[in-house]
Amino acid sequence: MPDIIGNLRCLFRRLFFRISLDIFLIIIIPAVVILVLLAYNLRENIRDVTLSRFEERLKNKADSASANIDFITDDISFIAKHLEQHFSGLGGGINSIAYGVPPRHWYRAAKFKNFMDDMETMLLMDKGFLKVRVINNSGREIVRFDRTPSGIKEIPFEELEDKSDRDYFKNAMAYPAGKVYRHPVTLETEHGKIIVPHTPVIRLSRKIMANGEGMLGIIVLTVSPDTIFGAEDRNGRPESMIIDETGAYLRHRDHSLLPGSAPSRNANIFDEIPQLKINLGEKDSKTVFDGASGEYRVWRKVFYRKDDRAHFWVFLERHPEFSIVSGYTDILVKRGILLAFVVFMGFLLVVAVIFRSLLPLKGITDAIRKLEAGDLAVRAPGTGVENEIGEIAGAFNAMADRLNRTALELQRSMALKRSVSGISPVGHVIADSAGTIISVNPASEHMFGYLTDEMQGKNVTMLTPPFKEDHLPSEWVESS
């Protein structure tokens, strides 16, 4: 019996261990694997989403810049045509304006005043228009208006300059009539010096023709960079860097890197990143990762003219790799906590289900203890459960039934044997394998001359001649 009980206990321990292992394998390990995969996929997703957002932002900037330039091109074309009508009918008088320094009396004429009103109106059309000027064929400014903090300012005759040596004048004069020339982006200058703070400017120009009477010159419109590039941030630092096709910075967070600020520090990004020049030659927009510097570069070109792919400016953003996934840890922690909570709740649910399923084991264990204590009538609950536990309970109860039947049969046999021995005229002595008397019948008292109490518990040799114990007749000994 103790061996059976011990085997059942060992079975229960193995069952508990197997169930615990199953819980670990089914829940914990998959949860860890899911968490690892989630972490990896989350990192990739955050990177892709973040880079896509950068790309979309630059695309919007480029599209907006192109649309704004097209819109301004239409504006300057409209004004130029209006000026052409204004100067028509001057006949030979146009030469006095188109070449050299216009005569003073021209500035006092009513026609000039109307012309000035038109020029001022042009600046009032859009706050992004910084300057408008008319330059005659000799390169001499004949009229100019500037936007200042206090309003629109007409530049006096004495302060008008000769622009014949400027590239934008030469390029505009060489461009076909009737078309607007979009000049490369440069930093604003005044009297040959770069203005501080550095201000990239966009100039658009168009020839002014006087209806068959010759060319008066060109109209040049200087546009605010905010109109094209978008405003800088609140700290005066651009959201995106801007470079031209030569690699020179037009906008940069560090203003000291801009041309004209400190000659010893004038920077060119192609000197810093030679590969970028190659990349720009291959793609108009792209995102690349530089493993050496650990940064992502996102750029998009904007061409000045659709028929000229040699001149462009570039919106460029440089992002360290760690900044791309800066929110990765926070998101992972939040999702990890959520996943851990779900796993924990799932674990509790599984444990509850298993505990409910294993609850009959307690009844079986209690029944085993009672059976071990000698209660042969005890039976294990759970026989109605159709699983392994139900089978164990059924097997235990079958074993208990057999033990109970065996015990009853043994009791009946012993009772019968005692009744037979009690009426038999022949003395019956029952001893165990060690020769200790365990039972005698009444006839034995007459046969051996000892009372029953005097014989029970003594060695059987007290009833025999002096034989050695190991030579007792076998028929005298009954093993129990």
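The values are calculated or read from the model by the stated rules, or taken from the named source; none is laboratory data. No experiment lies behind these values; they were computed from the predicted model shown. Glycine gets a Cβ as well: all are built from the backbone with ideal geometry, and neighbour counts include every protein chain shown.
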Query - Hits in segment 295-353 (condition: of a type in the set (Asp, Glu), loosely packed, with under 14 Cβ neighbours inside 10 Å and at pLDDT 70 or above) - result: Asp307, Asp308
Report task. Check segment 63-80 and report whether any residue there is at pLDDT 70 or above, among the charged types (D, E, K, R) and over 30 Å from Pro225 (Cβ atoms). Result -> no
Query - Restricting segment 170-196 to residues that are assigned to a loop (DSSP other than H, G, I, E, B) and closer than 23 Å to Tyr249 by Cα, the residue that is farthest from the chain's Cα centre (by Cα) - result: His191
Query raised in the report: Looking only at residues in segment 400-432 that are within 30 Å of Ile368 (Cβ to Cβ) and either among the hydroxyl-bearing types (Ser, Thr, Tyr) or assigned by TED's automatic domain parsing to the domain that holds Gly457 (or both), which one is modelled with the lowest pLDDT?
Result: Ser413
Query raised in the report: If you scan segment 445-460, which residues turn out to be assigned to a helix (DSSP H, G or I), among the hydroxyl-bearing types (Ser, Thr, Tyr) and surrounded by 15 or more Cβ atoms within 10 Å (Cβ to Cβ)?
Result: none
Report summary line: Among residues of segment 91-104 being part of a helix (DSSP H, G or I) and touching a helix residue (DSSP H, G or I) at 6+ places or on another chain (Cβ under 8 Å), the residue modelled with the highest pLDDT is Ile97
Report task. Return yes or no: is Ala367 touching a Lys or Arg at 6+ places or on another chain (Cβ under 9 Å) and modelled with pLDDT of 70 or more? Result -> yes
Query raised in the report: Within segment 125-157, which residues are under 26 Å from Gly230 (Cβ atoms) and touching a Pro at 6+ places or on another chain (Cβ under 7 Å)?
Result: none
**Report entry** Output for segment 280-313, where each listed residue is closer than 17 Å to Ile202 by Cα and among the aromatic types (Phe, Trp, Tyr)
**Finding:** Phe303, Tyr304, Phe312, Trp313
Query raised in the report: Quick one: is Ser138 surrounded by fewer than 19 Cβ atoms within 10 Å (Cβ to Cβ) and at pLDDT 85 or above?
Result: yes
Query raised in the report: What pairs can you find where one residue is in segment 370-388 and farther than 12 Å from Leu403 by Cβ, the other is aliphatic (A, V, I, L, M) and at pLDDT 65 or above, and their Cβ atoms are less than 6 Å apart, with a gap of 6+ or different chains?
Result: Lys370/Val378; Ala380/Ile364; Ala380/Ala367; Ala380/Ala393; Gly382/Ile389; Gly382/Ala393; Thr383/Ala393
Report task. May I ask you to list the residues in segment 273-291 that are within 22 Å of Arg57 (Cα to Cα), free of Cβ contacts under 8 Å to residues at least 24 places away in the same chain and not in a loop (DSSP other than H, G, I, E, B)? Result -> Asn279, Gly281, Glu282, Lys286, Val288, Asp290
